[in-house]
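Reading through the structure tokens given below for one structure.
The values are calculated or read from the model by the stated rules, or taken from the named source; none is laboratory data. Small disclaimer: the values here were computed from a predicted structure and weren't measured. Neighbour counts are summed over all protein chains in view; Cβ atoms, including those assigned to glycine, are modelled from backbone coordinates with ideal geometry. Please note that ligands, DNA and RNA were not included when accessible areas were found on the heavy atoms of the full protein model with its side chains. Shrake-Rupley method; radii C 1.70, N 1.55, O 1.52, S 1.80 Å.
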Amino acid sequence: MEATSPRVKRKTTTPFGTWEEGDGTLFWVRGANYKDDSEKIQALPSVMRLVHLDLYQGPKPQVHIFPIMRPNIPPNVGLVNEEREFHVVINFIVRGKDKSIDKKKKNHKTESWIMWVFIFALPKDARKDPENEKFFKCFDALINGDDKQRNHRVKFLACVTEGPWVVKAAIGGGKDGTHKGVVPTLVGEKVTTSYFKGDDYLEIDYNTAIDSVAVTSSKLAFQHSQKMVVDFGIVLQGESEDELPERVLGTARCSNFVIKEALVFPGTERGTYRFKDE
């Protein structure tokens, strides 16, 4: 039985591109007997729902940004506000190209950072669904565990459904009309990761600048982003029998992103970063 919380699903168009909730059933996850047979199965629909996505730019990497973003998040997208019990915020921080902040001064440049932020909400009635029981074994361990345990829980999957072959080859393109074969990554074990927990949210900030593979993949994706449609999935890794089969936490589909059109992070001082009207 699937949870019955009202789903308000739609495409959202922004200056930097279009985003919408993806289809969790396209992803493949560890099956109930994975420990014995290493078999993966096609996933059930995601448990949490994408309620907001933003792409920011600024002169420094920003962490713990959910409290800053929260007042400006449009209501009732993905899941009506009254039905949201808890939020998981994923913030991917990527080093961008340095920007000139004074055209008259050749060497007067500043760093540029991109913050790609996904916000997922947990429906209040999700725990009532018996199909979610094993998901909540993993979810509660994530929320209440220490950072080392968390790093070994959250898996990130990316599948390029439209885009140049060179990007599909590097990131992954799926098989048989699904995202079968996409290799998940425990990002927290590869990059600098910070966790911030509030009363009704957990924010996870991934600074990818220290990982050469992440940097190379990001540069390639940014170079071709205007021609790409990418499905992202977040899965909590199941280890024991009472945590399997796995479930998808949440999904997002991002289409034709223009990275240079990312929003300037709130509070950025005009003298430290070039704005579009300067």
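For residue 168, the conditions (1) surrounded by fewer than 16 Cβ atoms within 10 Å (Cβ to Cβ); (2) over 24 Å from residue 80 (Cα atoms); (3) among the basic types (Lys, Arg); (4) without any contact (Cβ under 8 Å) to a residue 60 or more places away in the chain all hold with the exception of (1). Put simply, of 267, 174 the only residue that is open to solvent by 50 Å² or more (accessible area, probe 1.4 Å), in contact (Cβ under 8 Å) with a residue 60 or more places away in the chain and of a type outside the set (Lys, Arg) is 267.
Tell me the residue from 215, 154, 183 that is in contact with a Gly (Cβ under 8 Å, 6 or more places away or on another chain) and touching a residue at least 40 places away in the same chain (Cβ under 8 Å), please. Talk me through it step by step, then tell me what you get.
Working: 215 fails: in contact with a Gly (Cβ under 8 Å, 6 or more places away or on another chain); 183 fails: touching a residue at least 40 places away in the same chain (Cβ under 8 Å).
The match here is 154.
Hey, could you check region 191-212 for residues that are among the aliphatic types (A, V, I, L, M) and under 13 Å from residue 156 (Cβ atoms) and say which is farthest from the chain's Cα centre (by Cα)? Spell out the reasoning first.
Going residue by residue through region 191-212, those that are among the aliphatic types (A, V, I, L, M) are 191, 202, 204, 209-210.
Narrowing further to those that are under 13 Å from residue 156 (Cβ atoms): 191, 204.
On the way: 191: 15, 204: 10 Å.
In this case the residue turns out to be 191.
Only a single criterion out of (1) assigned to a loop (DSSP other than H, G, I, E, B); (2) under 22 Å from residue 208 (Cα atoms); (3) touching a residue at least 24 places away in the same chain (Cβ under 8 Å) is not satisfied by residue 97, namely (3). Note on region 17-51: among residues that are of a type in the set (Asp, Glu) and in contact with a Leu (Cβ under 9 Å, 6 or more places away or on another chain), the one that is least open to solvent (accessible area, probe 1.4 Å) is 21. When region 178-227 is filtered for residues that are closer than 24 Å to residue 22 by Cβ, open to solvent by less than 50 Å² (accessible area, probe 1.4 Å), part of a helix (DSSP H, G or I) and not aromatic (Phe, Trp, Tyr), the ones remaining, listed by number, are 187, 188, 208, 214, 217, 218, 220, 221, 224, 225. When residues in region 52-105 are screened for being open to solvent by less than 20 Å² (accessible area, probe 1.4 Å), of a type in the set (Val, Ile, Thr) and at pLDDT below 90, 1 of them pass. With respect to (1) farther than 30 Å from residue 135 by Cα; (2) touching a residue at least 40 places away in the same chain (Cβ under 8 Å); (3) open to solvent by 40 Å² or more (accessible area, probe 1.4 Å), the lone exception for residue 253 is condition (1).
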